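Structure provided below as structure tokens; questions to follow.
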Amino acid sequence: MKQLSNEELENIILDHDGWILGDGKLIKEYNLSSFSEALAFVVKVGIEAEKLDHHPDILLHSWNKVKIALSTHSANGITDLDINLAKQIEIIKK
């Protein structure tokens, strides 16, 4: 899997509301309405990630915040696999 270039990433970020680049990862924080909604969101993301055999860093903090960081460890950066998972996460969140 090929790491995406900085130019490719900048274009992708413009199309993905709320996602930012940081520490070589694609990152987004979600604010949900309750702890149980945040926990359910984490489980749904985990199920989708498992289907793609791609496992993001997920942090459930405070009582309603979920932070997701995507990168492809084998490529040492962000790849199409991360972009595909980010798209699936946005579908889950709707």
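The values are calculated or read from the model by the stated rules, or taken from the named source; none is laboratory data. Computed from a predicted model, the values in this text were never measured in an experiment. All Cβ positions, glycine included, derive from the backbone under ideal geometry; neighbour counts span all protein chains shown. These accessible areas exclude ligands, DNA and RNA; they are computed on the full protein's heavy atoms, side chains included. Shrake-Rupley method; radii C 1.70, N 1.55, O 1.52, S 1.80 Å.
What do you reckon, how do Leu59, Leu81, Leu9 stack up by accessible area (1.4 Å probe), largest on top?
The ordering from most to least exposed comes out as Leu59, Leu81, Leu9.
Here is a follow-up. Largest first, how would Trp63, Trp19 line up by accessible area (1.4 Å probe)?
Largest accessible area first, the list is Trp63, Trp19.
Once the piece of chain linking Trp63 and Ile13 is laid out straight, how much longer is it, given 0.36 nm per residue of separation minus the C-alpha distance between them?
15.3 nm
Next question. From Cα pairs below 8 angstrom and at least 6 apart in sequence, can you work out the relative contact order of the stretch 28-71, rounded to a whole percent?
Reported as a whole number, the value is 50 percent.
I've got another one for you. Keeping all protein chains in position, work out how much accessible area Glu10 exposes to a 1.4 Å probe, and write it in Å² to the nearest 10.
The accessible area of Glu10 comes to roughly 120 Å².
Can you divide the C-alpha Rg of the stretch 1-61 by 2.2 N^0.38 Å and report the result to two decimal places?
1.28
Quick check for me: using +1 on Lys/Arg Cβ and -1 on Asp/Glu Cβ, what's the dipole size of the stretch 36-94 about its Cα centre, in debye to the nearest 20?
260
Just from its helices, what would the mean residue ellipticity at 222 nm be for the chain, if runs of 4 or more DSSP H residues each count -39500 (n - 2.57) and the sum is divided by every residue, rounded to the nearest 500 deg cm²/dmol?
-14500 deg cm²/dmol
If you roll a 1.4 Å probe over the heavy atoms of the protein chains, what accessible area per residue do you get for the stretch 1-55, in Å²?
67
Lysines within cross-link reach of Lys44: Cα-Cα under 21 Å, excluding same-chain residues under 8 positions apart?
The qualifying lysines are Lys25, Lys28, Lys65, Lys67, Lys87, Lys93, Lys94.
Enumerate the amide H contacts of Gly77 below 5 Å, restricted to partners 5 or more residues apart or on another chain; note that Pro and chain-start residues carry no placed amide H.
Residues meeting the criterion, in which the H sits 1.01 Å from N, are Thr72.
In addition: With labels modelled as points extended 7 Å from the Cα through the Cβ direction, what inter-label distance (nm, one decimal) is found for Ile91 paired with Asp53?
1.9
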